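Read-outs throughout are calculated quantities, based only on the coordinates presented, and are distinct from any laboratory measurement. If you're wondering where the values come from, they're calculated on a predicted model, not measured in any experiment. Every residue, glycine as well, gets a Cβ built from its backbone with ideal geometry; the counts of neighbours run over all protein chains shown.
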Amino acid sequence: MPAGSGGVVEWAGGTYFGRRTQEPDAEMQSALAPDGEVRCGIGPALEPRRFTSMGARLFDLNPVQQQAVLHDEGPILILAGAGTGKTRVITTRIVRLLYDGIDPSAILGVTFTNKAANEMRERLLTMFDPEQARKVTLCTFHSLCVRILRQGIDLLGYKKNFTIFDEGETMGLIKRIITRTAAQDEKLEPNVARSMISKAKNSSWNPQVDTKTLLGAVYARYESELKTLNAVDFDDLLILAVRLLREFPEKREQMQERYQHLLVDEFQDTNLLQLELMTLLAGKRSNVCAVGDDDQSIYGWRGAEVTNILEFESHFPGARVLKLEQNYRSTDAVLQTANAIIKGNVRRRAKQLWSDQGKGERVRVVEMPDDRKESSFVCEEIHHLHQTKQTPLEDFAVLFRTNAQSRGFEEECRRLKLPYRIIGGISFFERREVKDFLAYLQAVANPSDDIHLLRALQVPARGVGQTTVQRALNESIQREVGVIEVFEDLAFRSNCTKRTAGALEMFTDCIRRFEGLFHQPMADLGKLTRELLDESGFFEELRRSCKTEEEADNRERNVRDLIGDLEKYTLKKKGDLAKFLDDISLGDRDTDDTQGNGVTLITLHAAKGLEFPQVYLVGVEEGILPHDRSKMEGSLDEERRLLYVGITRAMKMLTISYCQGRVRYGSAMPCQPSSFLKELPDDHIERTDFHEIRNRQMAPEDVDAGFANFKAFLSGLEG
DNA sequence: AATCGTCTGCTTTTT
DNA sequence: GCAGACGATT
């Protein structure tokens with residue numbers, strides 16, 4: 001059926017026009033009867049079994065959502081404003097395809113985070129026969145690419161057991177290259193180099209690798225060293241997968257045959273390569289269902305291309321475009337505030353969020369004297385609401401632009417004994433013990449993985465120093481063999497000190513022995529891992545290197561948790577060690593997300609996709625939101641979207657605060673309210689300040705105390 | 001190999 | 001003002 005034709009669809013003998021937008025009438029209602037048989041469009045219908053029928057599911061959706069679900073073939077863009085039931089639509093659409101009798105393994109749903117992919121899978125399993133639903137591919141862009149590459153990367157001259165470098169490993173390599181490449185007087189920030197290289201790699205335009213500049217030389221060297229290490233970074237996963245599909249028609253056709261229906265979540269966050277990957281996979285059929293919201297595009301700085309969504313129709317000609325604007329999350333006051341902010345952006349697909357949940361409480365905009373008052377006010381109010389109204393602490397979230405801002409709130413929570421959780425910051429996988437642990441597993445899984453082997457070699461320190469390692473590396477490059485083979489070479493060892501030679505022998509023997517054990521078919525991987533870590537002195541080192549008992553326990557628990565994950569993983573037959581490591585390298589971990597206990601402290605970026613009944617959006621000051629740097633980079637529109645994302649997280653109550661002064665970079669500085677705040681609609685907001693709010697809530701004697709505090713602060717500022 | 005002192009730089013970070 | 005990195009010490 002041609003795209004966008006709003007084709008006629010049969011429902012239990014009745015006729016349903018996919019394009020209609022009005023409420024279901026009586027005729028339709030009977031056609032959509034909850035237990036009715038379902039037959040629509042595309043494939044041979046399946047008999048619905050114990051799951052809610054498709055008809056009933058459709059009945060729960062609003063008219064536009066229904067159209068999104070019922071759209072047949074050809075490209076469709078679903079512009080899903082914040083809180084408009086996007087995930088629901090996407091999962092229901094998959095269910096609908098399944099009901100149509102589409103082969104589950106021909107359906108591919110792509111997301112950006114493992115969390116999103118896993119949540120979608122969970123949801124799908126409750127909606128359709130799990131045995132079938134499980135066969136639907138739901139994964140991240142990166143894990144999709146790994147799947148593609150594990151099968152065909154040899155065509156591009158890599159070995160199939162390539163290693164995936166994470167951010168840290170990438171950085172390490174770049175740093176080493178810079179020190180080796182740069183002349184005495186040359187300087188290059190590894191951070192800068194990394195992001196430039198990543199930009200160059202991602203933006204398909206090949207910036208004529210100019211090896212005359214230091215950056216160019218580092219870039220060229222980085223690429224060639226990755227290749228010799230048989231390693232790929234996160235960018236390469238996309239680049240190589242796209243190259244494979246572009247350059248090898250048989251691969252492309254094979255994939256196009258396999259995946260007949262593509263669904264992409266958070267489309268506004270896709271970059272050029274991700275778009276290209278999708279067009280390559282979609283092929284002529286062009287069955288692409290993209291879901292996203294240009295107003296929530298906040299990852300431009302990471303290469304996301306808003307134009308992918310703004311110009312969707314030019315990438316997928318004939319695309320149908322639907323707008324979801326009915327919001328099921330927030331009150332009208334919140335939504336009007338959000339609408340008012342976002343309409344200041346020019347390049348966007350205009351949307352007006354609305355809800356039928358009533359006006360709700362007005363949005364408070366509070367002026368605070370300084371950042372300390374801000375955090376104490378917010379935390380005390382949360383405390384107060386929790387005590388007097390029994391509002392669960394999980395209902396509250398404090399949203400801020402930069403991680404540094406979390407600190408004051410953290411301290412304040414501690415002072416008040418409010419449980420809290422911080423989202424973001426250093427990720428689990430960046431923890432040293434986790435990386436060391438994974439290095440061991442990777443070394444055992446693939447001893448020719450030099451980088452991880454060398455990392456394992458250093459934990460614990462074995463008396464094999466820089467010079468030995470460097471010598472081994474040189475030799476391994478020269479002889480074109482893995483470092484482990486150099487270590488095992490008696491001639492090489494005879495050139496080391498006795499101590500070093502012994503250590504090398506012990507280490508390589510250990511790795512080799514466990515390599516064999518791990519590859520036995522019925523191996524108990526958990527048990528083996530514990531033996532490996534005991535024998536190698538890993539656990540001992542882990543405890544030894546901690547200052548406090550508590551820290552040691554924490555770190556050991558992290559590692560033991562991961563071993564538990566590995567056990568579960570193999571028990572559930574999800575795959576072998578190599579597959580487990582792939583998943584983990586891409587951050588996919590079966591987290592039993594112990595339902596968040598406490599107040600949530602979170603950055604605006606990390607808050608996207610979440611919702612909270614009570615939201616405090618703090619530090620909304622010129623220079624912070626919008627951030628100073630964004631003005632130089634000309635990304636004010638993205639800052640505005642960031643604010644929009646923050647506002648639309650709130651379900652019932654939203655408080656926006658800014659300070660007259662705050663401590664930044666160590667010294668007290670005056671602040672202006674964010675220029676965005678001028679755009680707020682007066683009829684839905686209430687402007688107030690710290691003192692007014694205090695006077696309203698506090699007993700008089702407390703007010704005096706508060707005032708005394710304030711004076712104390714002022715004198716502190718002057719001193 | 002560990003430790004101490006000095007220097008720097010300071011947004012966000014799905015993979 | 002503080003954390004993290006790096007180089008010079010022992």
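Counting only lysines at least 8 places from A:K573 when in the same chain, those with an alpha carbon closer than 16 Å to its own are A:K135. Translational diffusion of the stretch A:267-404 was estimated from the Stokes-Einstein equation, with Rh taken as the Kirkwood radius over Cα pairs; at 25 °C and 0.890 mPa s the coefficient is 132 µm²/s.
Label separation (A:R479 vs A:Q520): 3.0 nm, computed from points 7 Å beyond Cα along the C-beta direction. Measuring how big the stretch A:180-329 is from its alpha-carbon positions, Rg and Dmax come out at 18.7, 61 Å. Divided by 2.2 N^0.38 Å, where N counts the residues, the Cα radius of gyration of the stretch A:55-106 comes to 1.11. For A:A80, the residues whose amide H sits under 5 Å from its own are A:G292, A:D293, A:L324, ignoring neighbours fewer than 5 places away on the same chain, with H placed 1.01 Å from N. Please list log₁₀ I(q)/I(0) at q = 0.11, 0.16 Å⁻¹ for the stretch A:256-330, using the Debye equation with identical point scatterers on the alpha-carbon positions. Per q value, in the given order, log10 I(q)/I(0) is -0.29, -0.59. Backbone geometry of the stretch A:83-96 corresponds, through the Karplus equation with coefficients 6.51, -1.76 and 1.60 at θ = phi - 60°, to 3J(HN,Hα) couplings of x, 9, x, 4, 4, 4, 5, 5, 6, 5, 5, 5, 4, 4 Hz, x marking Gly and Pro. Across chain A, C-alpha contacts under 8 Å between residues 6 or more apart give a mean separation that, scaled by the residue count, equals a relative contact order of 15 percent. Working note: Cα atoms of the stretch A:510-594, range along each principal axis, descending, whole Å: 39, 35, 19.
Provide, for q = 0.12, 0.15, 0.24 Å⁻¹, the log10 of I(q)/I(0) from a solvent-free Debye sum over equal Cα point scatterers in the stretch A:542-635. Each listed q maps to, in turn, -0.74, -0.92, -1.18.
Only aspartates and glutamates eight or more places from A:K227 in sequence, or on another chain, were considered; those with a Cα closer than 16 Å are A:D154, A:D166, A:E169, A:D235, A:D236, A:D449, A:D450, A:E480. How would you classify the stretch A:391-451 from its alpha-carbon gyration tensor, with a ≥ b ≥ c the square roots of the eigenvalues: rounded for a/c under 1.5, else prolate if a/b is greater than b/c, otherwise oblate? Cα axes put the stretch A:391-451 in the prolate bin. Separation of the alpha carbons by more than 32 angstrom is noted, of A:K115/A:K417; A:K201/A:K343; A:K115/A:K343; A:K212/A:K251; A:K359/A:K678; A:K323/A:K373, for A:K201/A:K343; A:K212/A:K251; A:K323/A:K373. Sorted largest first, the principal axis extents computed over the alpha-carbon atoms of the stretch A:55-160 equal 52, 30, 27 Å. Taking every C-alpha pair closer than 8 Å and separated by at least 6 residues, the mean separation divided by the residue count of the stretch A:465-570 gives a relative contact order of 17 percent. For the stretch A:453-612, dividing the convex hull volume of the Cα atoms by the residue count gives 185 Å³ per residue. Longest segment of chain A with no chymotrypsin sites (Phe, Trp or Tyr not before Pro) in a DSSP loop having at most 15 other Cβ atoms within 10 Å? My reading of the result: A:329-664 is the longest stretch.
Semi-axis lengths, largest first, of the ellipsoid equivalent to chain A are 44, 38, 25 Å, with √(5λ) applied to each eigenvalue of the Cα gyration tensor.
Compactness ratio for the stretch A:100-241: Cα radius of gyration over 2.2 N^0.38 Å (N = residue count) comes to 1.34. Neighbours of A:M522, meaning other residues whose beta-carbon lies under 14 angstrom from its beta-carbon, give a summed charge of -1 when Lys and Arg score +1 and Asp and Glu score -1.
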